[in-house]
1. Less than 14 Å from a label point 7 Å out along the Cα-to-Cβ axis of Ala59: which backbone N atoms in the range 14-38 qualify, by residue?
2. In units of 2.2 N^0.38 Å, what is the alpha-carbon radius of gyration of the range 200-310?
3. Taking the alpha-carbon distance from Lys380 and a cut-off under 19 Å, which aspartates and glutamates remain once sequence neighbours fewer than 8 residues away in the same chain are dropped?
4. Classify the range 286-326 from the C-alpha gyration tensor, please: rounded if a/c falls under 1.5, else prolate or oblate depending on whether a/b exceeds b/c.
5. How big is the Cα convex hull of the range 59-149 in projection, averaged over all directions, in nm²?
6. By average Cβ neighbour count within 10 Å, what is the ranking of 58-70, 12-24 from highest down?
7. Given N residues in the chain, what is its alpha carbon radius of gyration divided by 2.2 N^0.38 Å?
8. With a ≥ b ≥ c taken as the square roots of the eigenvalues of the C-alpha gyration tensor of the range 58-106, please select rounded if a/c is under 1.5 and otherwise prolate if a/b is larger than b/c or oblate if it is not?
Amino acid sequence: MTDAPAPLALVVLAAGKGTRMKSDLHKVLHPIAGRPMLMHLLASADALEPARKVVVVGAGREQLEKALGGTADLAVQDPQLGTGHAVQQAEGALAGFAGDVLILYGDVPFVRTETMRAMLERLHGDDNPAVVVLGFEPEDALQYGRVIAENGVVTKMVEHKDATEAERACRLCNSGLMAVRGSELFALLARVGNDNAQGEYYLTDIVNVANGDGRVCAVVVTDDADEVAGINSRAELAEAEARWQKKRRLQAMADGASLVAPETVWFAWDTVLGRDVTVEQNVVFGPGVTVADNVVIHAFCHIEGARLEPGVSVGPFARLRPGAVLEEKARVGNFVEVKNAVLHAGAKANHLTYLGDADVGAGANIGAGTITCNYDGYFKYRTVIGERAFIGSNSALIAPVKIGADAIVAAGSAVSRDVADGELRLVRGEQLVKPGWADRFHDAMKKKKAERK
């Protein structure tokens, strides 16, 4: 029988000013695949069921409070005197906590749950390490701090600016992530000084302090340098987005979806695709989309907050907005927009239509140019269209209104009162006929134009 895992606390550093982003939005709230980078990180960490979460903030506290919605404690670092000083600000929130502590970074969003778990398991190794560091070996070590280690045991941690040429030749770099026991973390931090090139309190120095006490410190090395890539600028944000999208496209195809031009399809973090789904070129999925089996999404569609059931066809050039539900074998064609509306089984709107706040019955046919007039400038109203109803082209359904089953609305009608089952509703002005009027008009205009020459 194995021992139960120790309680876990997360300390997420997010106090950086993010000046390279040049943005009013907090750096860690910039989205990747429609989700703030901080939330990507916390989702991976939440799989470990942490007992406590502390986010260390500087500027932009109000934004983070709103985004986190009370799911984590906030600690403020002001002034900002380095990563070690930042972690110290979590001491009050973790008072009395003796479990494990994972130190993470809000702008390093894609650390895998498996990697975090490996760090915690190493912390409880037989040699009882005081600190576990996550290392990586990038193609270019650049300005990263170095981890000097032998057989997985760290002998020294050094920042690039303080490293010797020999130390800079080491390819094992420091990601910044650490695992430490809560009972030891703040005592180690209290002994860290700032006698270095930056004049800051480095978190990495707790390793050197522990080594000085004769304790073992260990390194776990990830085989995926992208996993620990930090995001500090909009260019790096775009690069992270591109990496994420590439992996997601490959996963979609491995799971049985066909992407005609994979590089042109953009997924959200929570997009769900069934088997034998075909996605054509230039399709964008926003958050909240679920696509069942055997769905075809034609080119140039934007889909967000929608549910597509088996056999549905969408597009090309369609937009499905939040609340759109297309039931089995429903069809939405080109230049159709659907918002907060349900198309029941077999219903179709093939072109040039707006269906907002509507319920379209099974087998109903919505003609080109039809709109549901759902908003009076103050309130939204609903349109209900019965089964097998036929709505003629260029019709305006002025909500709230109900069209009965098997009813027909004639082309060009503006319907503001309910239509009974099986009824024809024709709403048009009387046509005025003036024989020969057009011929006389043309003759008069041609003569007038000739006189002006």
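Any read-out appearing in this document is the output of simple, stated calculations on the displayed coordinates, not a laboratory observation. On a predicted model such as this, the values are computed, not experimentally measured, just so you know. Quick reminder, even Gly has a Cβ in these numbers, built from the backbone with ideal geometry, and neighbours come from all protein chains shown.
1. 15-28
2. Numbers: Rg = 20.8 Å, N = 111, 2.2 N^0.38 = 13.2 Å.
With N residues counted in the range 200-310, Rg over 2.2 N^0.38 Å equals 1.58.
3. Glu337, Asp357, Asp359, Asp418
4. Numbers: a/c = 1.85, a/b = 1.05, b/c = 1.77.
Oblate, because a/c is 1.5 or more while a/b does not exceed b/c.
5. Numbers: hull surface 33.1 nm².
Convex hull of Cα atoms, orientation-averaged projection: 8.3 nm².
6. Packing proxy ranking, top to bottom: 12-24, 58-70.
7. Values: Rg = 31.0 Å, N = 453, 2.2 N^0.38 = 22.5 Å.
Relative to the rule-of-thumb radius for its length, the chain sits at 1.38.
8. On the way: a/c = 1.88, a/b = 1.18, b/c = 1.59.
Taking the square roots of the gyration eigenvalues as a ≥ b ≥ c, the range 58-106 is oblate.
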